[in-house]
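The values are calculated or read from the model by the stated rules, or taken from the named source; none is laboratory data. For clarity, every value in this text was computed on a predicted model and none was experimentally measured. Glycine also receives a Cβ, built like all others from the backbone with ideal geometry; neighbour counts cover every protein chain displayed. Surface accessibility is based on the protein's heavy atoms, side chains included, excluding ligands, DNA and RNA. Shrake-Rupley method; radii C 1.70, N 1.55, O 1.52, S 1.80 Å.
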Amino acid sequence: MPFSTRREFLTTAAGAVCASAANTGRPMNVLYVVSDDLSPTALGCYGHPLVQSPNVDSIARAGVRFDRAYCQFALCAPSRASFLTGLRPDTTRVRSNGPDFREFLPDAVTLPQLFKNNGYRAIREGKMFHMGVPTTVGTDRWQDAASWSHNGSPQGKEDRSRGEGRNLTPKHDAGRAMNYIRTPDPSEQADFDAANRAIAHLEANRNQPFFLAVGFVRPHVPLVAPDRFFDLYPVAKIRPFVSPAGDTDDIPALALRALGNTTGHMGMDEDKQREALRAYFASVSFMDEQLGRVLRTLDALKLRDNTVIVFQSDHGWHLGEHGIWQKRSLMEESARVPLIISAPGRKGRGRRTRAITELVDVYPTVAELCGLTPPARLEGKSLVHLLDNPAREHKATAHTQLDTPQAQGRAVRTDHFRYIRWGSASETGEELYDHRRDPREFRNLAADPAAAPELARHRALAGA
Ligand SMILES: [Ca+2]
């Protein structure tokens, strides 16, 4: 615990105890930002050569960038139920985009709820728990009212937005179709509204402790962004991902079936893939600009020195690697997430960590940074030690799950390997990738006798 003197512990308006920022004596606030379906590979600070994300990058300069952070489930609802309760999917039992975690865990204390219970204003604007995009944008379905002092649902036109565009994969439903719109007016978008609302909350709560959660829906499809963001990415500059010939030949048939209709480039030829990438990058930059408006207000109100900022996604996203797009895969591109944490006074400022970490670790981390006592049954491990010393190790394994109508998948990531096991009533399949030699996971070693010892070790690590 970084705060030693009693003086640094303050009582909140409601008399609950929370930590204060050492150098301000004010309670430690939280700005918690989740960008939906954001791949770490599509951010400037994570090394993308084209993508412009100056505001996300600014958080990385002020905090620690996690290079090997993994989600617990490669799908919206299960992942969000997991990191917001601090419990793994097998505990929340949310394994699809349908059930509400309260059906199984009525007494869970969620991350925002912990803050609310400790006298904070716990404020939601946008997608935090599951939200069907575009179908339930603007509603508070699944948003767990018990977690919030304010439960806000920004409005957005989504695929009903004005502007030019096209659906590159018309056979897919609205929540999956690679549909994009170059819209003339940003103000019709939920993320623009979310930023407006977040700014108003910062101004209204500048003098009291807040946990402000902002859930941006971009770059989840439909990929809607103002024209000028598309103009940042001329298609001639965009290079679709090229996998080696026969790349998917060694992926188990059950795995390919489990991935469903987001393989084979979703039927998009190279030109369409370029258009899809452009629209995705434009959506990332549009989201980034909304984030920037919120950060500028935080700075204008001089709140940065006593505010923890967490920026993350809910899971990764394929951009054509192995011919796969979107989420619902257990490969590195879908399991790995962007995670950046900036906390006042931490020694790791501006550095990155390669420690193996999980999104289930975020809850105990934010609680510790604010001096709050989290529920005893959390299943993650605080990352605070990495914010002071990013060179340290954290965990030996990261676990990601995926259940689809075709199969159940379990993956474990270790320092050098990714192991994936698929199972259905009648079939199984395994994948093992050596990240030292094959970071793009082109060669499945599961059938390679030379890899048998590592296969056995990872089977055990993946558990039952
Ligand atoms: Ca998502």
## Note on the structure
With Rg from the Cα atoms and Rh as the Kirkwood inverse mean 1/r over Cα pairs, the range 381-439 has an Rg/Rh of 1.12
### Message
For the range 90-141 and the range 281-319, what is the centre-to-centre distance using only Cα atoms, to the nearest Å?
### Response
20
### Task
Using a 1.4 Å probe and counting only protein heavy atoms, arrange THR41, THR428, THR297 so the residue with the most accessible area comes first.
THR428, THR41, THR297
### Message
Multiplying the sequence separation of ASP227 and THR373 by 0.36 nm and subtracting their Cα-Cα distance, what value in nm do you get?
### Response
47.9 nm
### Query
Taking the Cβ of HIS322 as the center, what net charge do the other residues with Cβ under 15 Å away carry, scoring Lys and Arg +1 and Asp and Glu -1?
-2
### Area accessible to solvent at MET287, 1.4 Å probe radius, in Å²
0
### Query
Convex hull over the alpha-carbon atoms of the range 241-333: what's its volume per residue in Å³?
113
### Query
Accessible surface of GLU430 in the full protein assembly, 1.4 angstrom probe, to the nearest 10 Å²?
50
### Task
Determine the order of LEU445, LEU461, LEU111 by accessible area, beginning with the largest, at a probe radius of 1.4 Å.
LEU461, LEU445, LEU111
## Note on the structure
In whole percent, the fraction of accessible protein surface over the range 245-301 that belongs to carbon or sulfur atoms, probe radius 1.4 Å, stands at 46
### Query
On average, how much accessible surface per residue is there in the chain, in Å², for a 1.4 Å probe, leaving out ligands, DNA and RNA?
37
### Summary
Distribution output for the chain: share of Cα-Cα pairs per 20 Å bin in percent, first bin at 0, values 26, 59, 15, 0
## Note on the structure
Per residue, the convex hull enclosing the Cα atoms of the range 153-286 spans a volume in Å³ of 153
### Message
How much of the DSSP bridge set in the range 6-396 is antiparallel, in percent, rounded to the nearest 5?
### Response
40
### Query
Hey, what did the chain get for relative contact order, percent, Cα under 8 Å, at least 6 apart?
23
## Note on the structure
Charge tally for neighbours of ALA451 with beta carbon under 14 Å away, counting Lys, Arg as +1 and Asp, Glu as -1, is -2
#### Entry: Spacing of the two label points (7 Å from each Cα toward its C-beta) at VAL242 and ARG206, in nm
5.4
### Query
Roughly to the nearest percent, how much of the accessible area of the range 339-464 is carbon and sulfur, given a 1.4 Å probe?
50
### Query
Which value in nm describes the separation of the simple spin-label points at ASP388 and ALA450, placed 7 Å from the Cα toward the beta carbon?
4.4
### Message
I'd like the distance separating the alpha-carbon centroids of the range 34-70 and the range 158-189, in whole Å.
### Response
24
#### Entry: Rounded accessible area of ARG141 (nearest 10 Å², 1.4 Å probe)
130
### Query
GLU164 to THR135: FRET efficiency via 1/(1 + (r/R0)^6), r the Cβ-Cβ distance, R0 25 Å, to the nearest 0.05?
0.65
### Query
Largest first, what is the accessible-area ranking of ARG436, ARG160 with a 1.4 Å probe?
ARG160, ARG436
